[in-house]
Amino acid sequence: MGTGVGILVKKYWIHHVETIKRFHGRLLHLELKFRERVSVHIIGLYMSASKLPTERAVAKKIRKLLGDIVQNKEIIIVAGDLNEDLSSKSFKETYATNKAKACPTAATLQHMNLVNTHGAYATNNPEKTWASNSVQRRLDYVFIDAVTVSLVTNIRVINVNESFSTDHKAVVTIIQSDRILAGTKKSRFGRKRCSTTMIDMWFTIKKTVLQAAKCLPKRKVEAQSAHTKKKCIDYKLVKIVANIIKQLRVNNADIHNNNVMQLLAKWKQLKPEAVNAYLMTLPKNKLIMELLNIKKEYRSTLQAKIRIQQQRQIVDNIIRRQQNFDLNKRAMIKSILNRKRQ
């Protein structure tokens, strides 16, 4: 079984190649260094289709090497023949129960926050990249890190039979490399020097906040703004109990007063288990003390829900800003720099 993987680099990029690493003719890793500490990592892959124990062991080592390479790297491009078809029926059936078993290499790359460019830009019916007789599969992919994928302008699958003797098609992904390297220029591009640093800072902030947000409750809480909090049940409970206490204290009414009974009926309608026989038999002074404790408990619940909603709004705002940043980095950075500070 033949093996081998290669990476072609433009002539004027040759002097930027810092390191070259190879493994068993199935993995080739190029690290390109540019000014302003910008590193571009390009990885070529050719995974074996064989199920032999020796080939499986090699594939396992390759996935471990991928983890070591990708960890804490900025700009990453992984391309090649994975010999795994993400669009096949058998894959989808296995993927639902065991993602790693269905497509171990693709699952490894996705776990490292790399994006399948087909998933981001192509249609739901991907064009197959390999054919043998009547069998067709999509085995070739391009994975890119979550920040750089926003710079992809086009992706397509083309025939190369006229130029190469192969049963595979070529997956072409076009990236705006000038925007990646804009911060490395020291002449007229000096104003853009912060672009790569800004992308790194934003990615770090987004990752930290989203990780912290995982501890937030998933239960949906109604918005507690000044306009809508009166619709909240907890707010109504606090007001009802406060009015009952006011009737008992200020108006010197008893539990059987018409106004008190009406308030108790509203309370029971919102929370039936709260108004029980024990509460109705308490002396007036003890009843007021019990109502004060209940009011304190309701208010604590309301304040907790308001805090949770405020935290959710912060997270939603950060996610929305990140999406705006991905769509138009130039406009986002310009609006931040031009904003008036108080």
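The values are calculated or read from the model by the stated rules, or taken from the named source; none is laboratory data. Bear in mind that the values here come from a model prediction, so they are computed numbers and not experimental data. Counting neighbours? That spans all protein chains shown, and the Cβs are built from the backbone with ideal geometry, glycine included. Keep in mind that these areas ignore ligands, DNA and RNA; they rest on the heavy atoms of the full protein, side chains included. Shrake-Rupley method; radii C 1.70, N 1.55, O 1.52, S 1.80 Å.
Per-structure values
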item	result
Looking only at region 288-327, and only at residues there that are hydrophobic (A, V, I, L, M, F, W, C) and touching a helix residue (DSSP H, G or I) at 6+ places or on another chain (Cβ under 7 Å), the one that is most open to solvent (accessible area, probe 1.4 Å)	LEU292
Identity of the residue in region 42-65, of a type in the set (A, V, I, L, M) and free of Cβ contacts under 8 Å to residues at least 12 places away in the same chain, that ends up least open to solvent (accessible area, probe 1.4 Å)	ALA57
Region 244-275, residues that are within 48 Å of the chain's Cα centre (by Cα) and not in a helix (DSSP H, G or I)	LYS271, PRO272, GLU273, ALA274, VAL275
Residues located in region 67-105, provided they are part of a helix (DSSP H, G or I) and at pLDDT 80 or above	THR105
Qualifying residue in region 14-27 (condition: small (Gly, Ala, Ser), within 32 Å of the chain's Cα centre (by Cα) and modelled with pLDDT of 80 or more)	no
Scan of region 25-41 for residues that are open to solvent by 40 Å² or more (accessible area, probe 1.4 Å), in contact (Cβ under 8 Å) with a residue 12 or more places away in the chain and of a type outside the set (Asp, Glu), ordered by number	LYS33, ARG35
Those residues of region 176-197 which are at pLDDT 60 or above, open to solvent by 40 Å² or more (accessible area, probe 1.4 Å) and not in a loop (DSSP other than H, G, I, E, B), in sequence order	SER177, ASP178, ARG179
Residues located in region 222-243, provided they are outside any loop (DSSP other than H, G, I, E, B) and either open to solvent by less than 20 Å² (accessible area, probe 1.4 Å) or modelled with pLDDT of 60 or more (or both)	LYS231, ILE233, ASP234, TYR235, LYS236, LEU237, VAL238, LYS239, ILE240, VAL241, ALA242, ASN243
Selection within region 1-24 - of a type outside the set (A, V, I, L, M) and either open to solvent by less than 30 Å² (accessible area, probe 1.4 Å) or farther than 20 Å from VAL70 by Cα (or both)	GLY2, THR3, GLY4, LYS10, LYS11, TYR12, TRP13, HIS15
Only one of ASN161, ASN154 that is modelled with pLDDT of 80 or more, surrounded by fewer than 18 Cβ atoms within 10 Å (Cβ to Cβ) and not β-branched (Val, Ile, Thr)	ASN154
Matching option when the condition is open to solvent by 50 Å² or more (accessible area, probe 1.4 Å) and of a type in the set (Asp, Glu), among ASP68, ASP81, ASP85	ASP68
Spans of strands (runs of 3 or more DSSP E) in region 1-54 with at least 2 residues of a type in the set (D, E, K, R) and touching a strand residue (DSSP E or B) at 6+ places or on another chain (Cβ under 7 Å)	17-23, 27-34
